[in-house]
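Q: Got a structure for you, questions after.
The values are calculated or read from the model by the stated rules, or taken from the named source; none is laboratory data. The structure displayed is predicted, hence computed values, not measured ones. Cβ sites come from the backbone with ideal geometry, for glycine too, and all protein chains shown count toward neighbours. The protein model used for the area step is the full one, side chains on, heavy atoms only, and it has no ligands, DNA or RNA in it. Shrake-Rupley method; radii C 1.70, N 1.55, O 1.52, S 1.80 Å.
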Amino acid sequence: MSEKLQAIRGMSDILPHETGHWQFVERKITEILNNYGYQEIRMPVLEKTELFARSIGEQTDIVAKEMYSFDDRNGDSLTLRPEGTASCVRAGIEHGLFHNQTQKLWYMGPMFRHERPQKGRQRQFHQIGVEAFGFDGPDIDAELIILSARLWRALGLKDIRLELNSLGTAQARAGYREILINYFSQHEEQLDEDSQRRLHTNPLRILDSKNLDMQELIKAAPMMKDHLDEESAIHFEQLKNILDESGIPYEINPRLVRGLDYYGQTVFEWVTDQLGAQGTVCAGGRYNGLIEHFGGKHVPAFGFALGMERLMALIETSGCDIEAQPLHAYFILSTEEGVTAAGMKLAENLRDQLPQLRLMSHCGGGSFKNQFKRADKSGALFALILGSDEVKNQTVGFKSLRDKSGQETVSWDNIGEKLAKNIQ
Ligand code: ATP
Ligand code: MG
């Protein structure tokens, strides 16, 4: 018995009518990253499970309950990457990218987490990650925030705000952790199950709870900013100065923590109210301890990851203008002898002449009437029309599909120029 084949729950297809938008956004982002001198790195989607367990932290939600892990045929435990920072750091150490040099890197691709699928939360989703290695900051912290702000501007997004916090150095955070455990222990009866579990493993994460019943308790909790070490306080002030000078508004959110263990000092999120509960579009911060933790030397690091699905959803709800990229021309070819070969050759010549040309040739024969219908449906701006008479005279019909102007006859020698004038 055959069951209907379906994609895995929480993993969606991005269909042809959507990919144009994705490509547009990815192109814009890549352009901006190139403008700032960041270089792309591509890592495998599968890594040893141990990599994530060691970097993200055993007690985090990701490692404790969200990873797609399995034993491969050799019995090694592998995991589909839930995020990109761990692999990026692994690759950097493995290939000596951190030896006496700084790196400004980015990557993009699918990530996998076994979460409850809902709006803005998939099991396969896509991130664009940006990481800078070897910079103590706060200039690099600011650069990455400024870069992300440029991205929202380039996409015409307005309803997105920046939240900032500092988590202090590892040492300051350890002290604060004890203070938090102490505070929440005194109110243990008010903690939900998740938070009780986190109390001794990852108490900072309790601050991040979305449980409405706990908001009073969380609001009254001691705040990191009152326990910040001097070095981190100065770092944070300097970052805020640069952002002020650059005209980037922000809110300090003293309860902003990151889910991953390796964050310290600056953390930030870009949040929107347009997407309901899953409102964080982009999140990141400083993780100076991670490379050392992997046995490398001390390399300061700062990065962020942007959730593509949430960004695309925000673009859609905000009605931002995405430049449509319709076909320029649809090439209609009669089925008479010799026309297909001549048409294919002419199409190739045009593609050689005009690298930016988006030209679709009709394949599969059929009447002119049917081909015109296809041409219309393709969204193309113009039709090129070739029959045996045109081949004989070395001409081609040229007709707008968007207005009522009539068909012109243009010679093969001039059709490239004619198209070029009409498609800028
Ligand atoms: P959240 O609190 O929403 O679970 P997170 O802290 O787990 O987010 P990060 O690990 O920081 O998220 O990932 C960075 C970004 O990737 C998020 O801000 C979000 O835009 C996106 N993201 C994370 N998990 C998912 C998911 N399951 N589905 C879609 N996008 C996601
Ligand atoms: Mg999460």
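Q: Beta carbons within 10 angstrom, averaged per residue: use that to sort the peptides 140-146, 48-54, highest first. Could you put the intermediate results ahead of the total?
A: On the way: 140-146: 22.7, 48-54: 17.9.
The packing order, highest mean first, is 140-146, 48-54.
Q: Another question about this same structure. For a quick check, take a GNM of the chain with Cα springs below 10 Å and name the residue from Ile291, Ile332, Ile218 with the largest mean-square fluctuation.
A: Evaluated over the chain, the most mobile residue of the options is Ile332.
Q: For a protection proxy built on the mean count of beta-carbon atoms within 10 angstrom, sort 97-109, 158-170, 398-410 highest first, please. Mind showing how you got there, number by number?
A: On the way: 97-109: 16.5, 158-170: 19.3, 398-410: 12.2.
Descending packing order for the listed peptides: 158-170, 97-109, 398-410.
Q: Pick from Gly366, Gly285, Gly276: which residue has the top mean-square fluctuation in a GNM of the chain where Cα pairs under 10 Å get a spring?
A: Evaluated over the chain, the most mobile residue of the options is Gly366.
Q: Relative to the longest principal axis of the chain, what angle (0 to 90°, nearest 10) does the C-alpha long axis of helix 308-318 take?
A: For 308-318 against the chain, the angle is about 70 degrees.
Q: Using alpha-carbon positions, what is the distance between the centroids of segment 190-213 and segment 226-255, in Å?
A: Computed from Cα coordinates, the inter-centre distance equals 26 Å.
Q: Would segment 45-192 count as rounded, prolate or oblate if I go by the C-alpha gyration tensor, calling it rounded below 1.5 in a/c and otherwise prolate when a/b exceeds b/c, oblate otherwise?
A: Working: a/c = 1.27, a/b = 1.02, b/c = 1.25.
In terms of gyration-tensor shape, rounded.
Q: Roughly how compact is segment 329-422, stated as its Cα Rg over 2.2 N^0.38 Å to two decimals?
A: Numbers: Rg = 12.0 Å, N = 94, 2.2 N^0.38 = 12.4 Å.
Its radius of gyration relative to the 2.2 N^0.38 Å reference: 0.97.
Q: Separate question: Along the Cα-to-C-beta direction of Ala174, a point sits 7 Å from the Cα; which residues of segment 48-64 have their amide N less than 20 Å from that point?
A: So the set is 54-60.
Q: Right, next: When only Cα pairs under 8 Å and 6 or more residues apart are kept, what is the percent relative contact order across the chain?
A: Details: 683 pairs, mean separation 62.2, N = 424.
The normalised contact order for the chain reaches 15 percent.
Q: Enter the angle in degrees (range 0 to 90, nearest 10) between the Cα long axis of helix 368-378 and the first principal axis of the Cα atoms of the chain, meaning the one along which they spread out most.
A: 20
Q: Not counting ligands, DNA or RNA, and with a 1.4 Å probe, what is His95's accessible surface area in Å² rounded to the nearest 10?
A: In the full protein context, His95 sits at about 120 Å².
Q: If R₀ is 56 angstrom, what is the calculated FRET efficiency for the pair Asp76 and Arg402, using the beta carbon separation as r and rounding to 0.05?
A: Once rounded, the FRET efficiency stands at 0.45.
Q: Quick check on segment 45-88: what does the Kirkwood estimate of hydrodynamic radius come out to from the alpha carbon pairs, in Å?
A: Details: mean 1/r = 0.0966 Å⁻¹.
Its Kirkwood hydrodynamic radius stands at 10.4 Å.
Q: OK, next. Rounded, prolate or oblate: pick one for segment 154-211, where a ≥ b ≥ c are the square roots of the eigenvalues of its C-alpha gyration tensor, a/c under 1.5 means rounded, and failing that, prolate if a/b is larger than b/c, else oblate.
A: Details: a/c = 3.55, a/b = 1.69, b/c = 2.09.
Because a/c hits 1.5 or more and a/b fails to exceed b/c, segment 154-211 counts as oblate.
Q: Taking K and R as +1 and D and E as -1, what net charge do the other residues with C-beta under 12 Å from the C-beta of Lys392 add up to? Let's see the in-between values first.
A: Details: positive: none; negative: Glu336, Glu337, Asp389, Glu390.
With Lys, Arg at +1 and Asp, Glu at -1, the net is -4.
Q: While we're on this one: With a ≥ b ≥ c the root eigenvalues of the C-alpha gyration tensor of segment 203-286, is it rounded (a/c under 1.5), prolate (a/b larger than b/c) or oblate?
A: Numbers: a/c = 1.84, a/b = 1.23, b/c = 1.50.
The shape class here is oblate.
Q: In a shell of Cβ-Cβ distance under 12 Å around Ile322, excluding Ile322 itself, what net charge do Lys and Arg (+1) and Asp and Glu (-1) give? List each step's numbers first, then the result.
A: Numbers: positive: Arg27, Lys28; negative: Glu18, Glu26, Glu316, Asp321, Glu323.
Charge balance in the 12 Å sphere: -3.
Q: Accessible area per residue of the chain at 1.4 Å probe, in Å²?
A: Values: 21850 Å² over 424 residues.
For the chain, the per-residue accessible area is 52 Å².
Q: Whole percent per 10 Å bin, from 0 to the bin with the longest distance: what is P(r) over all C-alpha pairs of the chain?
A: 4, 18, 24, 20, 13, 10, 7, 3, 1, 0
Q: Per the helix-only calculation at 222 nm, which mean residue ellipticity applies to the chain, given -39500 (n - 2.57) for every DSSP H run of n ≥ 4 and division by its residues, nearest 500 deg cm²/dmol? Mind showing how you got there, number by number?
A: Details: 14 runs with 155 residues, N = 424.
It comes out at -11000 deg cm²/dmol, rounded to the nearest 500.
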